[in-house]
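Peer 1: Provided herewith is a single structure, encoded as C-alpha cells, for subsequent inquiry.
A short reminder: the numbers here are calculations on the coordinates, not readings from a lab. Remember, predicted model here, so these are calculated numbers, not experimental data. Here the Cβ positions follow ideal geometry from the backbone for every residue, glycine too, while neighbour counts run over all protein chains shown.
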Amino acid sequence: MLETRGVTKSFGGVHALRGVDFALTRGEIHALVGENGAGKSTLIKVLTGVHRPDSGTVRFDGAEVEFHRPADAQRAGISTIYQEVNLVPLLSVARNIFLGREPRTRLGLVDVAAMNRRAAELVGSLGVNVDVTADLGTLGLGVQQMVALARAVSVDSRVVIMDEPTSSLEAKEVGTLFDVARNLAARGVGLVFVSHRLDELWRLCDRVTVLRDGQRVHTGTLAELDRLGLIAHMLGREISEVARGGATEFGETHLREQEPVLAAEGLEVRNRLHGVGLTVRPGEVLGLGGLLGSGRSETVKAVYGALPVRSGSVRVAGRRVRPNSVPHALRAGVALLSEDRKAEGIIPDLSVRDNIALAVLPKVSRGGLVAEKRIDALVDTFLRRLRIKAASPAQKVRELSGGNQQKVLIARWLCTEPKVFLLDEPTRGIDVGAKAEVQALIDELAEQGLAVVLISSEMDELVEGADRIVVLHDGTVRDELSGDRRTSAALLEALAGVAETNEEGGDD
Amino acid sequence: MTERLATRTPPEAPDRTRSRRIDVDWVRRNGVYVALVLLLAVNVLITDNFVSEGTLRLQLIQVVPVLIVALGMALVIGTEGIDLSVGAVMAIAAALIPLYIGYGTLVAVLVAVLAGGISGALAGTLVGRVGVQPIIATLGIMVAGRGLANLFGGEIKSIRDPGIVELGTGSLLGIPYVVLIAAAVAASAWFLVSRSTYGRRLVAIGGNQRAAELAGLPVRRVLLVTYVLCGLLAALAGVLLAARSQASDPTKLGLLMELSAITAVVLGGTPLSGGQVRIAGTIAGALLLQLVTATLIFHDIPDSTAQIAQAVIVVAAVYVQLGRKKAKR
Amino acid sequence: MTATVEAPGQDRTRGRARIARVAQRQGALVILAVVVVAATFTFDSFGTAGNLENIALQASFLAVVALGMTFVIMSGGIDLSVGSVFALGGVLAAWGAGHGTWAAVLLPVVVCGAIGLVQGLVIARGGLPPFIVTLAGLLFARGLLLLISDEGATTYKVPPSSAFRELAQGSFLGIGYPVWIVAVAFSVGGLVLHRSSYGSTVLAIGGQEDAADLMGLPVLRTKVVTYTVSGVLAGFGGLLMASYTSSGVTVLGVGTELEVIAAVVLGGTLLTGGAGTVLGSLVGVLLLQVIRNVINQIGSLNSNWQAVISGTILLVVVTLQRWLATVQRE
C-alpha cells in the first residue's frame, strides 16, 4: 500500500538512507528497527513529507506520490505519532484532535459543542476516559499519547506511523495503545511501529524491516526471527558473537560491609514523593524500579537538590547536606546524570572540552580565571578513559552521537570526583554498542568504591546491573529486592503487585 | 567485548561538504570584518578627505557610546537575554550629572554610573530570580526609566563643569579620553569572556540554562552580574555622551540606542539565541554601523535613505549568519 | 479500560490552579477596575461622560494596533515595526486625503499591509528571527516616512472639506466612530481567535511550532497572514489618528511598539505565545490610557510620571504573573 523504492537521502554529504526499499501492506503492523543513526527517523520523515528523497520514489496505493510538506502526507491519509507528544499543551484535548479540521457551523465558525462531543466519542471509543475540554498540558504523558492516536484515527488515516510511541508510557497504557493499534489494523489500516523495546515487537507486529547504516538489511515475518537473530541483523554480526557478548551483562559486584555513604530519609516533595528513604554503601549499585510516575526521577532529583523538598534529610558520608541546593549537593560529592540528555545535560554549542569541565569550573579556576592547562589535562584523561569519540576536544557536543554525548556527561560528573553517582536512565536512546560500554563503566565505577543509584526502565538492566533494587510506587518505597529475590520475575511481581494495590486501595 | 562494540564510529562527513560548511562558518565569523574593510576601501576611494586625522578621529569618537553599550549588550545576549533599557539608562545617567555636579566631578560621574548598576540589578533580579522574560523586564525598566530621566533632568541642561568638559573633549597623547576608555572597556570585556570563570559560565547559561543549573552553576548570580555590567556600561556611555556634547537632554539622549547596540552585536556574529559572545565581532559591528551612517552622511544621503539602507543591511547580515538555514525561534 | 489514573488531591490543586489562572489572565482587568473606581471618587471630573468618552477615543488608536500585535505575540512572534508603520500610515493617509477619501483610506492600508507581508514572508520563508526582521521593518518604515515627507519637514494636512475627517471626528449615538470601530474590530478578532481554524493555528504555532508543523497545519501561511494583518492594523491605527488630527504628524509612533507590547502583556497574553485573549489586550490599552488620564487630572503631577507608573505596573504585573504561574504548577 505504502512503499519506497531505492530511496536515498543525504544531509551535507552524510548518507542517511541509501537505496532503501520498504513496503507496507494493508492491515499489517510492520516493525522498523535499527540502531540509532541507522536511518529509521529519516525514512519516517521521507514517508511523512518532512524530508524529500534525493533519489528514489515513494508510492502510495500503487501511484507515485511526492509529499512536499507534512500536510500533503496527512491529506493523503498518512498520520504520524511521535515519541515526544507533538501536540499543543495549551489547547484543549478536543481542539488538539480537530486542529485544522474543526467542525463548522453554518456561519463558518468552529462549532465548539460539536467538536467537544465528537472528541469525547472518539477518545471514549479508544477506551480513554478524559475531559476533552481540559488543556492537554494538564494531562499525563500517556493520555497525551492517546490523544495523538485519537487525532490519527479521526482523520481516517490509512497509514499510521508510530515512532517510539511507548517510550514514555506505563505498562498499562502500552496495553491500551496496542489494543487500539490492533483494532486499527483489523480495519485495514497499515501501521509502522518503531520501538527500542524489542520485546514489544513480538507482542504487536507481524513483519519487521531492519535498517543498518542507511540500508535495508532484512525484511521478514517476526515469527521466524528470535531476539538474538534480530540483534544480529541490527548490529551486522554473527549470532554466536552476540550471544557471547550479551548485550546487557554486568560483571560481578563486590559489596563490602561498610557504612552507607548516602542516606536519604523521609523525602517529601509536594504531590510527588511521600517520605522516600534510601541508603547506598560504597561500591554498591542500588537499582530504583517503578512504573512511570512512581517517583524514581523525582527521588534522585530531590537527593541532588534539584527538586525542592518540603522535608526530609540527605546525608553523604555521615554529614548532612543542605537541602534544595545543587551546589551544596555537588560539593558534598553527589552527581546526577539526568534522564533528559538534551534539555538537562549537554550544552549543545559548547565544545566537548567545555562541557566536561563545566561542573568543576571553580576547581580549575584561580582568582576567577580559568586555568586552561588543568582543564586540558582533565579532559584528556577522560576522553581516553571513557573512549569518547570526538574529532577533537574543541568539537561541539551537538555534533557527537547520542552515546558519546552521554559519555561526555558522565565525564563531566566524574571530574567532580563524586562519592555518590545518581544515574537516571543512563542507557536510554543510545545505541547498543555505547550501551554496553556505559553498563560496563557503571560496574567498574562501583568496583572502585563509588556508590551508584541506577534508574532504568529496562528490567534486564536493573536486575543484572544492581545489587539491590528498591521499588517505588506513587512516591513511596513499596518493596526492596536483594539476594535471591533480585530476578526479573520478582521485579515483575513487585511492579505488578504494586499495580494491584493501586486498584484496590488507591487512597494514598 | 565493550571495545569491540565501540569501534564503530559515527558516520563522518566527507571532506567536500566539510569544506563547504567551513566556508559558511567562515563568512558567519568573519563577514563583519570583510564588510568593514570593504566599506573603508570604498570610502578611501570615493569620499573626499576621508583619509585624514580629523575624519578618522571623529569616527572613533562618535562610535564610542554605541560600542560601550554594545559590549554590555553582547554579554546579555550571550545569556540568551536582551536589554531594551540601555537607552533609558543612558538618559538617567546623563540627567544625574547636572544634579550632582555640585559635589564634584568624580561624585557626579560615580552617582551616574552607579544608577546604571542599580537599574541593571533590578533587571537581573527580575530575570534571574523572578523569572520574567528579559524583553519584558527590560521593556518595563525602559519605559519607567525614560520617565525618571525626564523627571530628574527636565529640559536640556548644559554642563559647564571643567572636569566633565575635559573628560568629553580632552585627550592623552593625541588619543581622546573617550576612545581610550572605550578601548579599555573592550579589552576588559574580551578578557572577561575568554579567560574568566564568569565568561565560561555565561556562555554555558546562554547555551542551556537548565543544564547549567544542574551542573551547579550559580545561574542567578551570573545573570545578575551580567545585567549589572550591562547597566554600568550603558550609564558610562551616557556620561561620556553627555560629556562630549556638554549637555544632558533626557528626552533625546540614548533614544533607540538599544536597537543600534543590538544591531552591532548581531552584525558581529553573536547569535540572539545565546551561548556565544563575540567581543571582536561586536567592536567591528559597532564600527561598521558607524561607518555606514558616516558614509551616507559624507555623501549627503538623506536620513530616510540611510534608515532604509540600514534596514536592508540588518536583514542581510542576519540572513548570512543563519547560513541560509532555518533558525529556531 | 481507562488510561487515566488520577493522582489523589489533584482536584484541589486544579481548583487553585484555575483561580491562579483567572488572576493571571484577568489581572489587568482587576487593576483597571480599581483605578477607575478610585479615580471616580477622587476626581469629580474623571467620571464624567465626556472624560470617559475621551479616554475611550484616545485609547482607540493604540487599541487597533494592539489587536494585530496580540495575534503576532500569540503566534510566538513579535512585531517591533508597528510604531513606525503607525506613523507611516498617518502620513500616507494625510497625503492621500489630498487625492480623495478613498486614497486616504486605501493607500495606508495597502502600503502598511505590504510591509507586514514582506516581514511575514522573510520571517516564515527565510526563517529569520521576528525580533530582527521587524526591527529592520521599524527602520524601513521610518525611512519611507521621511522619504515621502521631505525628511520630515512636510506635514501633510487633510483638506478641511475632506470627508476623511469624518472617520475619526464623527460620532454615532454620541460615541466617536473610532470607538465603534474598535468595538467591531475586537469582536471580530475574538471570533477569529476562538472560533476559526486560523485562530487555532495561531495558538498552536505559539504553543508548539514543531507540533503545528507536523500536524500539517499551514504554519508558513498563518505567520505571513498574521504579520500582514499586524501591518494593516498598525497602518489603520495611523490613518485613524490622521483623520482625528487632520494631519500626518511625522514624529508620531516612536516607542509605540513598546507601549503596545506592554498593553498586550498586561492583558495576559503570554509573550512566549500560545495563550491569551484579545479582550485582555483591550483592557491593557485602556489601563495605560486611564493612567495617563488620571495623571492629567492630578494636574500638578509632571506628565513624565505616566511613563514611570506604566513601566512599574508592567513590572509588577509580570512579576505577579510569574508568581501565579508557580502557584498553578504546584
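Peer 1: Could you grab the relative contact order for the range C:175-330? Cα pairs under 8 Å, six or more apart, rounded to a whole percent. Let's see the in-between values first.
Peer 2: Details: 104 pairs, mean separation 29.3, N = 156.
So the answer I get is 19 percent.
Peer 1: Sticking with this one: Among A:Val326, A:Ala411, C:Leu320, which residue has its Cα furthest toward the positive end of the charge dipole of the protein assembly as shown, with +1 on Lys/Arg Cβ and -1 on Asp/Glu Cβ?
Peer 2: Working it through, the farthest residue towards the positive pole turns out to be C:Leu320.
Peer 1: Also, quick follow-up: Using helices alone, what [θ] at 222 nm do you get for the protein assembly as shown, with -39,500 (n - 2.57) per DSSP H run of 4 or more residues, divided over all residues and rounded to the nearest 500? Display every interim value, and only then the final one.
Peer 2: Numbers: 45 runs with 667 residues, N = 1167.
Value at 222 nm, helices only: -18500 deg cm²/dmol.
Peer 1: Counting other beta carbons within 10 Å of each residue's own, what order do A:Lys45, A:Lys373 fall into, fewest first? List each step's numbers first, then the result.
Peer 2: Working: A:Lys45 21, A:Lys373 9.
Least to most surrounded, the residues fall as A:Lys373, A:Lys45.
Peer 1: For A:Lys373, which lysines qualify as cross-link partners when the Cα separation must be under 19 Å and same-chain residues fewer than eight apart are set aside?
Peer 2: Qualifying lysines at Cα under 19 Å: A:Lys363.
Peer 1: While we're looking at this one, here's another question. Cα centroids of the range A:137-196 and the range B:98-168: how far apart, whole angstrom?
Peer 2: Here the answer is 58 Å between Cα centres.
Peer 1: Quick one: grab the alpha carbon gyration tensor of the protein assembly as shown, order the square roots of its eigenvalues as a ≥ b ≥ c, and give me rounded if a/c is under 1.5, else prolate or oblate depending on whether a/b is larger than b/c.
Peer 2: Values: a/c = 1.74, a/b = 1.45, b/c = 1.20.
It is prolate, given that a/c is not under 1.5 and a/b is the larger ratio.
Peer 1: Additional query: Could you list, bin by bin from short to long, the percent of Cα-Cα pairs of the range C:44-324 in 5 Å steps?
Peer 2: 1, 6, 12, 16, 18, 17, 14, 9, 4, 2, 0, 0
Peer 1: State whether chain A is rounded, prolate or oblate according to the following rule on the C-alpha gyration tensor (a ≥ b ≥ c being the square roots of its eigenvalues): a/c under 1.5 gives rounded; otherwise a/b larger than b/c gives prolate, and the remaining case gives oblate.
Peer 2: Values: a/c = 1.71, a/b = 1.40, b/c = 1.22.
Because a/c hits 1.5 or more and a/b exceeds b/c, chain A counts as prolate.
Peer 1: Could you tell me how many degrees, from 0 to 90 and to the nearest 10, lie between the Cα long axis of helix A:432-447 and the main elongation axis, the longest principal axis, of the Cα atoms of chain A?
Peer 2: 20
Peer 1: Right, another one. Given the options B:Leu240, B:Val277, A:Gly275, identify the residue whose Cα lies farthest towards the positive end of the charge dipole of the protein assembly as shown (+1 on Cβ of Lys, Arg; -1 on Cβ of Asp, Glu).
Peer 2: The listed residue farthest towards the positive side: B:Leu240.
Peer 1: To the nearest 20 debye, what is the magnitude of the charge dipole of chain B about its Cα centre, counting +1 on the Cβ of each Lys and Arg and -1 on the Cβ of each Asp and Glu?
Peer 2: In debye, rounded to 20, chain B gives about 1420.
Peer 1: As an exercise, identify the trypsin sites (Lys or Arg not before Pro) in the range A:101-149 lying in DSSP coil whose Cβ has no more than 13 other Cβ atoms within 10 Å. Don't skip to the end; give the middle numbers.
Peer 2: Numbers: sites: A:Arg101, A:Arg104, A:Arg106, A:Arg117, A:Arg118; in loops: A:Arg101, A:Arg106.
Filter output for the range A:101-149: A:Arg106.
Peer 1: Could you order peptides B:248-259, A:171-182 by the average number of other Cβ atoms within 10 Å of their residues, highest first? Don't jump to the answer; show the numbers that get you there.
Peer 2: Details: B:248-259: 21.8, A:171-182: 18.2.
With the highest mean Cβ count within 10 Å placed first, the list reads B:248-259, A:171-182.
Peer 1: Which whole-number percent gives the relative contact order of chain A, counting Cα pairs below 8 Å spaced six or more residues apart?
Peer 2: Details: 981 pairs, mean separation 72.0, N = 508.
Relative contact order here is 14 percent.
Peer 1: Would you mind giving the mean number of other chain beta-carbons within 10 Å of the Cβ of each residue in A:86-97, as a whole number? Write down the numbers at each step before the final one.
Peer 2: On the way: counts 7, 7, 14, 5, 11, 8, 0, 0, 0, 4, 6, 0.
That works out to 5 on average.
Peer 1: Can I ask one more? With a ≥ b ≥ c the root eigenvalues of the C-alpha gyration tensor of chain B, is it rounded (a/c under 1.5), prolate (a/b larger than b/c) or oblate?
Peer 2: On the way: a/c = 2.13, a/b = 1.33, b/c = 1.59.
Oblate shape, in that a/c is at least 1.5 and b/c is the bigger or equal ratio.
Peer 1: So how strong a dipole does the protein assembly as shown carry about its Cα centre when Lys and Arg Cβ are +1 and Asp and Glu Cβ are -1, to the nearest 20 debye?
Peer 2: Values: 106 positive and 100 negative charges, 346 e Å.
Dipole about the Cα centre, nearest 20: 1660 debye.
Peer 1: Is there a pair in A:Lys9/A:Lys172; A:Lys9/A:Lys301; A:Lys172/A:Lys389; B:Lys157/C:Lys157; A:Lys40/A:Lys342; A:Lys301/A:Lys435 whose C-alpha atoms are over 30 Å apart, and which pairs would that be? Could the numbers behind the result be given before it?
Peer 2: Values: A:Lys9/A:Lys172 38 Å; A:Lys9/A:Lys301 41 Å; A:Lys172/A:Lys389 39 Å; B:Lys157/C:Lys157 34 Å; A:Lys40/A:Lys342 20 Å; A:Lys301/A:Lys435 23 Å.
Result: A:Lys9/A:Lys172; A:Lys9/A:Lys301; A:Lys172/A:Lys389; B:Lys157/C:Lys157 exceed 30 Å.
Peer 1: Along Cα→Cβ, 7 Å out, is where each label goes; now give me the distance between the ones at A:Ala391 and A:Glu268 in nm to one decimal.
Peer 2: 5.4
Peer 1: Among A:275-281, B:279-285, how do they line up by average Cβ neighbours within 10 Å per residue, starting with the highest?
Peer 2: Working: A:275-281: 19.7, B:279-285: 24.6.
My ranking of the peptides, most packed first, is B:279-285, A:275-281.
Peer 1: Taking amide H positions as placed 1.01 Å from N in the peptide plane, with prolines and chain starts having none, which residues 5 or more places from A:Ala31, or on another chain, fall under 5 Å of its amide H?
Peer 2: HN-HN under 5 Å from A:Ala31: A:Phe193, A:Asp206, A:Arg207, A:Val208, A:Thr209.
Peer 1: On to the next question. Got a sec? How would A:Glu102, A:Glu458 order by Cβ neighbour count within 10 Å, fewest to most?
Peer 2: Numbers: A:Glu102 20, A:Glu458 17.
Least to most surrounded, the residues fall as A:Glu458, A:Glu102.
Peer 1: Just in the range C:205-306: which chymotrypsin sites (Phe, Trp or Tyr not before Pro) are loop by DSSP and have at most 11 other Cβ atoms within 10 Å? Mind showing how you got there, number by number?
Peer 2: On the way: sites: C:Tyr227, C:Phe236, C:Tyr244, C:Trp305; in loops: none.
For chymotrypsin sites (Phe, Trp or Tyr not before Pro) across the range C:205-306 that sit outside H, G, I, E and B with at most 11 neighbouring Cβ atoms in 10 Å, the list is empty.
Peer 1: Hey, another quick one. Helix C:304-329 sits at what angle to the longest principal axis of chain C, using alpha carbons and giving 0 to 90 degrees rounded to 10?
Peer 2: Its long axis makes an angle of about 20 degrees.
Peer 1: Could you tell me the distance between the Cα centroids of the range A:419-491 and the range A:35-113, to the nearest Å?
Peer 2: After rounding, the separation between the Cα centres reads 38 Å.
Peer 1: Output the DSSP H helices from chain B with an along-axis C-alpha extent of no less than 18 Å and a mean Kyte-Doolittle hydropathy no less than 1.0. Numbers along the way, then the final one.
Peer 2: Values: long enough: B:15-46 (42 Å, 0.39); B:53-78 (35 Å, 1.70); B:86-100 (21 Å, 2.17); B:105-125 (30 Å, 1.99); B:134-153 (27 Å, 1.36); B:177-195 (26 Å, 1.80); B:219-245 (39 Å, 1.70); B:279-298 (28 Å, 2.01); B:303-321 (27 Å, 1.17).
Membrane-span-like by this criterion, though nothing is claimed about a membrane: B:53-78, B:86-100, B:105-125, B:134-153, B:177-195, B:219-245, B:279-298, B:303-321.
Peer 1: Follow-up. Other chains near B:259-268: what is the mean number of their Cβ atoms within 10 Å of each residue's Cβ? Please list the in-between numbers first.
Peer 2: Values: counts 5, 0, 0, 3, 4, 0, 0, 4, 0, 0.
The shielding value for this peptide is 2.
Peer 1: Follow-up question, since we're still on this one. Could you state the principal axis extents of the C-alpha atoms in the range A:108-170, from the largest down, to the nearest angstrom?
Peer 2: Principal axes ranked by extent give 38, 29, 19 Å for the Cα atoms.
Peer 1: If packing is taken as the mean number of other Cβ atoms within 10 Å per residue, what is the order of C:114-124, A:310-320, highest first? Working shown, then result.
Peer 2: Details: C:114-124: 22.8, A:310-320: 15.1.
Packing proxy ranking, top to bottom: C:114-124, A:310-320.
Peer 1: Here is a further query. Write out the GluC sites (Glu not before Pro) in the range A:1-95 meeting two conditions: DSSP loop, and at most 11 other Cβ atoms within 10 Å of their Cβ.
Peer 2: Details: sites: A:Glu3, A:Glu28, A:Glu35, A:Glu64, A:Glu66, A:Glu84; in loops: A:Glu28, A:Glu35, A:Glu66, A:Glu84.
Of the GluC sites (Glu not before Pro), the ones in loops of the range A:1-95 whose Cβ has at most 11 other Cβ atoms within 10 Å are A:Glu66.
Peer 1: If you don't mind, there's one more thing I want to ask. Tell me the angle of helix C:256-266 to the major Cα principal axis of chain C, expressed in degrees between 0 and 90 and rounded to the nearest ten.
Peer 2: 30
Peer 1: Looking only at other chains, what is the average number of their beta-carbon atoms within 10 angstrom of each beta-carbon in B:293-302? Please report the intermediate quantities before stating the final value.
Peer 2: Details: counts 0, 0, 0, 0, 0, 0, 0, 0, 0, 6.
Per residue, the average neighbour count from other chains is 1.
Peer 1: Tell me the label-point distance for the pair A:His68, B:Leu114, using the 7 Å Cα-to-Cβ offset, in nm and rounded to one decimal.
Peer 2: 6.4
Peer 1: Another question, then. Charges on Cβ only, +1 for Lys and Arg, -1 for Asp and Glu, centred on the Cα centroid of chain C; of C:Val111, C:Val251, C:Leu266, which one is farthest towards the dipole's positive end?
Peer 2: Toward the positive end, the furthest listed residue is C:Leu266.
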